[in-house]
Amino acid sequence: MGWKVGFGEVDITPPIGVWLTGFAARTKPCDDIHDPLSARALVLENGQGQRAAILALDLIALTNEQVATIRRLVREWTDIQPQNLLINCSHTHSAPAIGRLAPSSMGIADPVYLDLMVRKAATAVKLACDNLLDAKLFFGTAECRVGINRRQRTQNGRIVIGQNPEGVVDHQVSVLAANLEGSDFWLIAFSYACHPVVLGHDNYAVTADYVHFARQAVEDFFGGHAATMFMQGCCGNINPKERGTFEIAQKLGRELAVSVVQATLNANPVEGEKIEGVIGSLKLPLLPPPPVKQLREHYRQFRESAEKAKREGKLGEARWMFGEAQWAKQLLQAMRENSLPTHEQMNAQVLRIGDVALAALASETFAEIGLNVKSQSPFARTVTLGYTNGCIGYLPTAKAYEEGGYEVEQAFKFYGRLLMHGPESEKIATDWLLRQLDKAAKA
């Protein structure tokens, strides 16, 4: 009896010349590689031979089609079923464009790279399965102050992306760590909630952002006797407290690493050996479209402004404005054809590993939602994750709809969506996660 764990890592760094995504203002493909991107997998097997896998990718997100392909390959190669495979993306904004996840204004996808990437991602899980070793499993937490709430209210009452020191932040770092029996080697999967956007739209180098430096610093602390992976939490409204340079990314990454090491060294054993996963597809209602007259004017204004910006050589501004015009045009066409959707599907998952529960959504989930799920979960050890098994865009709180701001009013367009889902979405997602957590606790 007891746990067996395995770790697999595969390089998924794109070549120079691939477009990056995360910002609409970029005007050219990447021209440098600062640090490699990776697919890292942790596979856990209990005494009954049941297996679960956590796959962490240095990507902004995945499409539903990419998730389905990875699940199929993992099932064929390892027999790990989809409900026991959790696929989380770090959400770095300096990784390759993902294709159908976003319009071309957010970066032109390279289909050759993407086809290879999904197969490499599944390969990481296969490698982990092929290297299972006896281990003891631990869970620990610590506090980190790298992130800050970004929904800042201006003097005129508008919500903008800035810094809100009074806003809600999830400061918890969670660590699921395995110590290989008979050695001092550690496998460390850690989670924190903060956008990897230290590097902005003027960065054209591939990078995992602060996540790279955090993993590196943790591995250095253990003298090379550790392998690490990062899982992104519910950071929809959380940005780094400092931004701008690789030096800042290194500073914040090392700050996070200190907390990860603290959580690891103070961790306690995982109790029980139960592995149980469940996946679902939640039906979120969409908001109604703006009036036709307003959309036509929106199209005209942004089309003209985009052409003017292009003539003036303001290419980043032009790309964003053309994207706004294209959104209005596509929405008008859908309304004419009576093909406008009324709901959107969002993937959700709960994965139990002993007395630890991972509760995950395919969204840029606000910190308040993650904290609410943790506080109500029957598992004292609950980790809440966003950007898992795909991403439909932001999942704000119902209150945020009243306040407005980018995440509610604009961001869905950068995900290639015609309409934003409604304020009921928070309750739908929270209720589903809590129901599944309750069922898992009673199983």
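Since every read-out is calculated from the coordinates, none of them should be taken as a lab result. Not measured: the values here are computed from a predicted model. Note: ideal-geometry Cβ built from the backbone for every residue, glycine included; neighbour counts use all protein chains shown.
Structure summary
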{"item": "At q = 0.10, 0.17, 0.21, 0.25 Å⁻¹, base-10 log of I(q)/I(0) for region 278-377 (Debye sum, equal scatterers on each alpha carbon)", "result": "-0.52, -0.87, -1.02, -1.21"}
{"item": "GLY390 long-range amide H proximity, modeled H, under 5 Å", "result": "LEU62"}
{"item": "Debye intensity ratio I(q)/I(0), log10, region 1-154, q values 0.09, 0.14, 0.15, 0.17 Å⁻¹ (C-alpha model)", "result": "-0.35, -0.77, -0.85, -1.00"}
{"item": "Long-range amide H partners of HIS343 with built H, under 5 Å", "result": "LEU286"}
{"item": "Relative contact order computed over the chain (Cα-Cα under 8 Å; 6+ residues apart), in percent", "result": "18 percent"}
{"item": "GNM result for the chain, Cα springs below 10 Å: residue of TRP77, TRP186, TRP19 fluctuating most strongly", "result": "TRP77"}
{"item": "Size of electric dipole in the chain: Cβ of Lys, Arg +1 and of Asp, Glu -1, about Cα centre, debye, nearest 20", "result": "1240 debye"}
{"item": "GNM flexibility winner over the chain from GLY147, GLY162, GLY47 (Cα, springs under 10 Å)", "result": "GLY47"}
{"item": "Ellipticity estimate at 222 nm from DSSP helix runs (n ≥ 4, -39,500 (n - 2.57)) divided over the chain, nearest 500", "result": "-11000 deg cm²/dmol"}
{"item": "Spacing of the two label points (7 Å from each Cα toward its C-beta) at LYS427 and VAL160, in nm", "result": "3.4 nm"}
{"item": "FRET E, pair TYR406, GLU271, Förster distance 45 Å, beta-carbon r, rounded to 0.05", "result": "0.60"}
{"item": "With at most 13 other Cβ atoms within 10 Å, longest stretch of the chain clear of loop trypsin sites (Lys or Arg not before Pro) (DSSP)", "result": "159-443"}
{"item": "Whole-number Å³ per residue for the convex hull built on Cα positions in the chain", "result": "138 Å³"}
{"item": "Neighbour-count ranking [beta-carbon atoms within 10 angstrom, fewest first] of MET420, MET335, MET231", "result": "MET335, MET420, MET231"}
{"item": "Residue-wise HN-Hα coupling along region 394-411, computed from phi with Karplus coefficients 6.51, -1.76, 1.60 (Hz; x: Gly, Pro)", "result": "6, 10, x, 6, 4, 4, 5, 5, 5, 7, x, x, 3, 4, 8, 9, 10, 4"}
{"item": "Descending semi-axes in whole angstrom, ellipsoid equivalent of region 148-298, from the Cα gyration tensor", "result": "36, 22, 15"}
{"item": "Flagged links, alpha-carbon separation over 24 Å, of LYS329/LYS399; LYS274/LYS374; LYS374/LYS439; LYS251/LYS413; LYS329/LYS427; LYS28/LYS241", "result": "LYS329/LYS399; LYS251/LYS413; LYS329/LYS427; LYS28/LYS241"}
{"item": "Karplus-derived 3J(HN,Hα), 6.51/-1.76/1.60, for each residue of region 162-173, Hz, glycine and proline x", "result": "x, 9, 10, x, 8, x, 5, 9, 8, 8, 7, 9"}
{"item": "Gaussian network model of the chain, springs between alpha carbon atoms under 10 Å - residue of LEU85, LEU114, LEU137 with greatest fluctuation", "result": "LEU114"}
{"item": "Additional length obtainable on full extension of the chain from GLU65 to MET335, 0.36 nm per residue less Cα span", "result": "94.6 nm"}
{"item": "Percentage relative contact order, region 316-404, counting C-alpha pairs under 8 Å, at least six apart", "result": "26 percent"}
{"item": "Region 290-339: relative contact order in percent, alpha carbon pairs under 8 Å with at least 6 residues between", "result": "42 percent"}
